[in-house]
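For reference, the structure is listed below as structure tokens.
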Amino acid sequence: MRIGVDCIKCQFDRQYRLAATKNDPEKQDLFIKDVCRIIAEAPPEWPSPVFTPLFGDAFAKHFGYSDRFADIKKRSNEYVLAIEEDLKKRIDSADDHILMALKLARAGNYIDFGALGNTVNDAQLNALISEAADQPVDMTEFNRMLNELNTAKSLVYLADNAGELVMDKLLISEIKKAYPDLDVTLAVRGYPVLNDATLEDCRQVGIDKIANAMSNGSHVAGTYIPDISAELREKLLSADVIISKGQGNFETLSGSGLNIYYVFLCKCQLFCRIFDVPQLTGMLLNERRIKID
């Protein structure tokens, strides 16, 4: 999904707001000029998430490096871990455990400080969790996914953000209960980028105890196949089923033709317009059965 004018404006505005937090007009000017240069010189086929680490490098060059989201990620993990038992009870009491776990994992995709910035709040997250059971899922795609998992040997699960990683753990747990012979690989970002999950987050929430957790080897805020490790690329290309969380993974993987089930909330106006839905609508889509202009 190549970057378009909407994403260019969003990316630029985000960097402009970040520069405005620094009280150094000369460095602000140089940083924004670098941002404009990166956008202008980028290959036209690049998806939006590929720009994020480049902007991060430019910011570090002028203002110094800091992992601005480290505390946010830790706090997000802690918050959802504190309600994990309640989430488990909701899954256990549901008629379809995997369906309920998927709905909760999708609701957790709200914890996105990249797309939503500082508007992310506990009250909205709690509301989405409370309403998750009543939110629709494309049952045709859901049943296709279950049928494929029934005969699959391998599943690659592409995580997105910290915090929601706890819900991912619950969904993977339910999948493994139903399909105990399934080999499950969980892939997270290779380096800190936004509030995306890394191996450190996997260890904090304990998801590494139920799945083969691995770094994707990339700085990109998504799963950009040309930039990920050879090991993960091989696993993706040979996987029977892939579950992909979040908009960033959708942006970097759409058009790949792999057997991917995308699970995310539509958070930005571009996604809402593409799928003709209100903001924070949950999606379950398969890569091979959708068309994006």
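Of the numbered criteria (1) open to solvent by 10 Å² or more (accessible area, probe 1.4 Å); (2) within 15 Å of A211 (Cβ to Cβ); (3) under 20 Å from the mean Cα position of the chain (by Cα); (4) free of Cβ contacts under 8 Å to residues at least 40 places away in the same chain, the one L186 fails is (1).
Among the candidates A82, A94, the residue that is among the small types (G, A, S), open to solvent by less than 60 Å² (accessible area, probe 1.4 Å) and at pLDDT 95 or above is uniquely A94. Of all residues in segment 85-104, none satisfies being small (G, A, S), closer than 16 Å to L194 by Cα and within 21 Å of the chain's Cα centre (by Cα). Considering each residue of segment 99-108 in turn, none proves to be buried (at least 16 other Cβ atoms within 10 Å of the Cβ) and part of a loop (DSSP other than H, G, I, E, B).
Listed conditions (1) under 22 Å from L116 (Cα atoms); (2) open to solvent by 50 Å² or more (accessible area, probe 1.4 Å); (3) small (G, A, S) are all met by G255, apart from (1).
Picking from residues in segment 203-250 that are among the hydroxyl-bearing types (S, T, Y) and open to solvent by less than 60 Å² (accessible area, probe 1.4 Å), the one that is farthest from G282 (Cα to Cα) is S229. Go through the residues of segment 7-14 one by one and say whether even a single one is touching a residue at least 24 places away in the same chain (Cβ under 8 Å) and within 14 Å of A60 (Cα to Cα). Taking every residue of segment 7-14 in turn, none turns out to be touching a residue at least 24 places away in the same chain (Cβ under 8 Å) and within 14 Å of A60 (Cα to Cα). How about segment 269-293: which of its residues are of a type in the set (A, V, I, L, M) and outside any loop (DSSP other than H, G, I, E, B)? Residues satisfying the conditions are L270, I274, M283, L284, L285.
One residue stands out in segment 148-177 among those that are in a strand (DSSP E or B) and not aliphatic (A, V, I, L, M): the one that is farthest from the chain's Cα centre (by Cα), namely S154.
Among the residues making up segment 28-63, those that are open to solvent by 30 Å² or more (accessible area, probe 1.4 Å) and either among the hydroxyl-bearing types (S, T, Y) or not in a helix (DSSP H, G or I) (or both) are P43, P44, E45, W46. Scanning segment 268-290 for residues that are under 14 Å from G108 (Cα atoms) and either at pLDDT below 95 or hydroxyl-bearing (S, T, Y) (or both) yields a single hit, T281. When segment 218-235 is filtered for residues that are touching a helix residue (DSSP H, G or I) at 6+ places or on another chain (Cβ under 7 Å) and closer than 21 Å to L165 by Cβ, the ones remaining, listed by number, are S218, H219, V220, A221, G222, T223, Y224.
When segment 109-127 is filtered for residues that are touching a helix residue (DSSP H, G or I) at 6+ places or on another chain (Cβ under 9 Å), of a type outside the set (G, A, S) and open to solvent by 20 Å² or more (accessible area, probe 1.4 Å), the ones remaining, listed by number, are F113, L116, V120, D122, Q124.
The values are calculated or read from the model by the stated rules, or taken from the named source; none is laboratory data. Bear in mind the structure is a predicted one, so any value in this text is a computation, not a measurement. Positions of Cβ are backbone-derived with ideal geometry, glycine not excepted, and every protein chain shown enters the neighbour counts. These accessible areas exclude ligands, DNA and RNA; they are computed on the full protein's heavy atoms, side chains included. Shrake-Rupley method; radii C 1.70, N 1.55, O 1.52, S 1.80 Å.
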